[in-house]
Amino acid sequence: MATTHTHTVIDTVRQADPQRLAYTLLHTIFTVAPIIFGLDKFFNVLTFWPNYLAGWIDRIVPGSAQTDMYIVGVIEIVAGLLVWFRPRIGAWIVCLWLLGIIVNLVTLSGFYDVALRDFGLLVSALALASLARTYDRPAATRTAPPSHE
């Protein structure tokens, strides 16, 4: 029984429009991930987030590093919701946010690997922004994407 279901899922993915599938995957992950990471800024379950804040940023923002993380958490949750409801706008907000995170991490010695990972996420968010131009349009202006056969 499980084999039949697995084959059905695989067949469905194979038959799907690859661009639509890419858009759906990116749209989903850039909704869910910022919300999860944003919520975790309040609980520090995944990691102790204040350790990822460059000192120069902590000196600019009033309050403690943890207070800064609460602000970051709210911004990330809002960004995730914006991607869900308005991906054409939200994807660009996430791109800018990731760029800010990268600058923070590059100036915080020792986190270059995380900065490189976030650069990959930035490129993926750019792909979402590009795909959203086609797949996130008002119903009245939607047209079928060109066939690649």
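The residues in region 41-68 that are in contact with an Asp or Glu (Cβ under 9 Å, 6 or more places away or on another chain), among the hydrophobic types (A, V, I, L, M, F, W, C), without any contact (Cβ under 8 Å) to a residue 24 or more places away in the chain and not in a helix (DSSP H, G or I) can be counted, and the count is 2. Here I71 does not qualify as part of a helix (DSSP H, G or I) and closer than 30 Å to Q19 by Cα. Pairs meeting the criteria (first residue in region 11-40 and basic (K, R), second residue crowded, with 18+ Cβ neighbours inside 10 Å, beta carbons under 7 Å, at least 6 apart or on different chains) are R20/Y135. Looking only at residues of region 20-50 that are in contact with a Pro (Cβ under 9 Å, 6 or more places away or on another chain) and either β-branched (V, I, T) or modelled with pLDDT under 95 (or both), we find that the one that is nearest to R133 (Cα to Cα) is R20.
The values are calculated or read from the model by the stated rules, or taken from the named source; none is laboratory data. Predicted, not measured: the structure shown is a model, and the values here were computed from it. Glycine gets a Cβ as well: all are built from the backbone with ideal geometry, and neighbour counts include every protein chain shown.
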